[in-house]
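Accompanying notes for the structure given below.
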Amino acid sequence: MTSEFSAASLRSQPSSAARAGLASMPLLLIGVVFAIAIVLRQVVPLNTDVSWLLVIGERMLDGQRLYRDIIEINPPMAPFAYLPGVALARALGVDPRHLIDAQLLLLAAASLFIVSRILRLSPATTPLKPGAFAVWAAAIVTILPMNIFAQREHIALLTFLPALAVYALRSSREPLPLWAILIAGLGAGITLAFKPFFTVPAALCILFAAIRSRSWRVLFAPENIIAGVIVTMVSLGTYVFYPEYFTITYPLVRDTYLSWSMPAAVIFLNDATLISTVALVAVLLGRQKQKPDPVLLVAVLASVGFAVSFFLQRRGWAYHSYPMVVLALLAMGYVLTGASGGEARSRRAEAVSIFVMAATFAFGMIWFNANVYVGPIREAIAGLKPNPRILMLSGEAALGHPLVRDVGGVWVSRQENLWLREFVRLTREKTTVDAATDAKLNDYLALERKWLIEDFRKLPPDIVLVDNLRNGWGDWARADAELSELLKPYSLVRSVEGVDILRRTE
């Protein structure tokens, strides 16, 4: 009788080997996700801004001064985020882009692992076990970014995730170990140091934790103090060590870049808004009859907060929307994969869930892979001269980056592109400019022209790219006597997509 019962039990249950195989499947799929992400890094072009920030890092290591020898629109946190990777790449003798890619993938894996560990601290939350949601989360932070991979928003989102897990536990008055508090505070501080706009999601989540826990003391939780100290130190460090950011760069940014806005349709009616809306509607429909989940509520609030920061930046650019979209998709995946618990669903509901997740992910990949088409300029330059020094007359950064890195060249200008002339044009087109402001804008144009000529003389370029497609840079240069004189030793090689490629003949 005993033997018959044992045999029946063995027939009715999977073998231990089978169970082990099923348990390892999600881990295998996560490995596949990271393998795909690695392949994409070899196929998808390096992001324009990331390429420029790598140039900044290399120049800083060569002794050049940020905001004096290098003119960068962003606060020091942006270049410093990449500087350690650039320094290590130089020590190892490898291209820094590969090291930055590896660092971001490691950061993604570490961030998800830490979030899972933090959520496991509470029996009231659903930990991120290696299941369908874990695979979804891995894909969202590694594959979805496409061309904006390693952008500041990508880094900021990854460093912020552990803090979100801590906020969720704080809202339930759960005890937290010191390591979780330190990581959350450090991560939140790094995120907030990138952009003041990121204060919105952090403030919403902290306020939520205080209200739900019914304790105002949560507002002054140690992770919040740590984050505040980091932001204060970064701000003071900028003031002390890089005063030129406040005396030179910020006034230029304030009076040009920040003075105008893209049309409301571009800011609000875009794929990022559509994807996030679909994801949050799916969350609402999927959780109609279930109790509030602190993890889900924090993710939704953070997505809404990052949406506010996206809209406040008034550009509608894809990389600005990444944190908002990611958190909305993570919230949706948390519900639709069943990670949040709840009743079993019908096969039809499961099929609809899979379709919605696949569709939003595909639209997200397309949205984050959009870039400026510059034509076969790289092919036209390749072979003209080994490791050429390159200068560009254009307000379009994508013409020169990552091209200069792809051809092993040296960037001559102290700027990523001639952005002041471009932003002044947009300021005059999109705002009302009085006489005093107009005079100030002319001073800015004169300053940028002065920088350009100084850079031209200091390190004469081998190749000059003149953008005649956007804003008539060729006519502008020919109308300037000093620039025309500097361009005399150059001859036209060919024109590609409205861009003249000039080569030094002397």
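Observations on the model:
- The set of residues from the stretch 452-463 being within 28 Å of ARG494 (Cβ to Cβ) and under 33 Å from the mean Cα position of the chain (by Cα) comprises LEU452, ILE453, ASP455, PHE456, LEU459, PRO461, ASP462, ILE463.
- Search result, residues across the stretch 158-174 that are more than 16 Å from SER116 (Cα to Cα) and either modelled with pLDDT of 95 or more or assigned to a loop (DSSP other than H, G, I, E, B) (or both): SER172, ARG173
- Within the stretch 465-493, restricting attention to residues that are assigned to a strand (DSSP E or B), touching an Asp or Glu at 6+ places or on another chain (Cβ under 8 Å) and in contact (Cβ under 8 Å) with a residue 60 or more places away in the chain, the residue that is nearest to GLU396 (Cα to Cα) is ASP467.
- In the stretch 233-262, the residues that are of a type outside the set (Gly, Ala, Ser), under 26 Å from LYS430 (Cα atoms), assigned to a helix (DSSP H, G or I) and touching a residue at least 12 places away in the same chain (Cβ under 8 Å): TYR245, ILE248, THR249, LEU252, VAL253, ASP255, TYR257
- Counted residues, the stretch 57-94 - those being surrounded by fewer than 16 Cβ atoms within 10 Å (Cβ to Cβ) and closer than 14 Å to ILE155 by Cβ: 1
- Yes/no for VAL50 being modelled with pLDDT of 95 or more, closer than 24 Å to ALA110 by Cβ and of a type outside the set (Ser, Thr, Tyr): yes
- In the condition set (1) crowded, with 18+ Cβ neighbours inside 10 Å; (2) farther than 22 Å from MET324 by Cα; (3) modelled with pLDDT of 95 or more; (4) of a type outside the set (Lys, Arg), VAL218 is compliant with all but (3).
- Residue match in the stretch 63-85 (condition: of a type outside the set (A, V, I, L, M, F, W, C), farther than 26 Å from GLY408 by Cα and in contact with a helix residue (DSSP H, G or I) (Cβ under 9 Å, 6 or more places away or on another chain)): yes
- Residue match in the stretch 425-442 (condition: within 29 Å of the chain's Cα centre (by Cα) and closer than 25 Å to PRO79 by Cβ): yes
For (1) within 28 Å of the chain's Cα centre (by Cα); (2) among the β-branched types (Val, Ile, Thr), each residue gets a yes or a no:
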{"residue": "ALA163", "(1), (2)": "yes, no"}
{"residue": "VAL166", "(1), (2)": "yes, yes"}
{"residue": "LEU176", "(1), (2)": "no, no"}
{"residue": "ILE181", "(1), (2)": "yes, yes"}
{"residue": "CYS205", "(1), (2)": "yes, no"}
{"residue": "SER213", "(1), (2)": "no, no"}
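- Residue within the stretch 102-117 that is surrounded by fewer than 16 Cβ atoms within 10 Å (Cβ to Cβ) and more than 21 Å from ILE190 (Cα to Cα) present: no
- Checklist (1) touching a residue at least 40 places away in the same chain (Cβ under 8 Å); (2) surrounded by fewer than 18 Cβ atoms within 10 Å (Cβ to Cβ); (3) not in a helix (DSSP H, G or I) applied to GLY316, failing item: (2)
- Of all residues in the stretch 34-48, those satisfying the criterion of being buried (at least 21 other Cβ atoms within 10 Å of the Cβ) and part of a helix (DSSP H, G or I) are ALA37, THR48.
- Qualifying residue in the stretch 342-354 (condition: touching a Phe, Trp or Tyr at 6+ places or on another chain (Cβ under 9 Å) and either not in a loop (DSSP other than H, G, I, E, B) or not aromatic (Phe, Trp, Tyr) (or both)): no
- Some residue of the stretch 422-444 being closer than 23 Å to ARG65 by Cβ and out of contact with any Ser or Thr (no Cβ under 9 Å at 6 or more places or on another chain): yes
The values are calculated or read from the model by the stated rules, or taken from the named source; none is laboratory data. In this text the structure is predicted, and so the values were computed from the model without any measurement. Ideal geometry is used to build each Cβ from the backbone, glycine not excepted, and the neighbour counts take in all protein chains shown.
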